[in-house]
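So the structure is just underneath, and the comments pick up after that.
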Amino acid sequence: MNGFLNKLYIGGQWRDASDGGSFDVLNPADETVLATVASGTVEDAMACLDSAEAAFADWSARSPRARGEVLRGAYDLFVERIDDIARLITLENGKAGADATGEARYAAEFFRWYAEEAVRSAGHVGMAPATGARIIVHQKPAGIAVLVTPCVVFLIDPLRISRIVSCGIGCFFPRSSDIAGHSGTGCVSAAYFPSRQ
């Protein structure tokens, strides 16, 4: 498969696994190799964690509008690549072309939805039930998130990535064998780091 990176995305750069390990992603219909992708190690996971933690202060300090614009850029890139993403879904999961395209379009909408929701980070004012004291809830990024996704659920990555990124939280997740699912990661990174793609 051309046009999709088969490396680990760590610290704003695509790179091979620290031990050079990789695994094949197979077409379930005929077991041909669709791609050979990097197989991350514990060291790679720790590097991801360190990178996400280092980027957290800058990312969480960005305005909701700026985070929303990154997500909108990810949506635009995802839609631009929709045919390639749908083809990957078909090859990896055996879905009919129309179903794969519909699933990819649905996934893209998570980026657009949360791009618009990023600016609606509202707090809450209420009263304590026992004392009547005023309770003010101010929502703010609390830290980074580790996302673990089953390899067969394509829609989960765009949903969780867009929701978390819109709130100003940095995230990383172990790579599954799902190439199409990581298209969302590529779109977010291309929108945020256009010169590195």
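Nothing in this text is a laboratory measurement; each read-out follows from the coordinates by a stated rule. Keep in mind that what you see is a predicted model, and the values were worked out from it rather than measured. All Cβ positions, glycine included, derive from the backbone under ideal geometry; neighbour counts span all protein chains shown.
Observations, loosely collected:
- For region 1-79, the list of GluC sites (Glu not before Pro) that fall in a loop by DSSP and count at most 14 other C-beta atoms within 10 angstrom reads GLU31.
- Taking the Cα centre of region 7-64 as origin and assigning +1 to Lys and Arg Cβ atoms and -1 to Asp and Glu Cβ atoms, the resulting dipole is close to 300 debye.
- For SER166, SER51, the sequence from fewest to most other C-beta atoms within 10 Å is SER51, SER166.
- Remark: TYR75, TYR106, TYR9 ranked as TYR106, TYR9, TYR75, counting other beta-carbon atoms within 10 Å and listing the fewest first.
- D by Stokes-Einstein for region 46-143, Kirkwood Rh over Cα pairs, 10 °C, 1.306 mPa s: 96 µm²/s.
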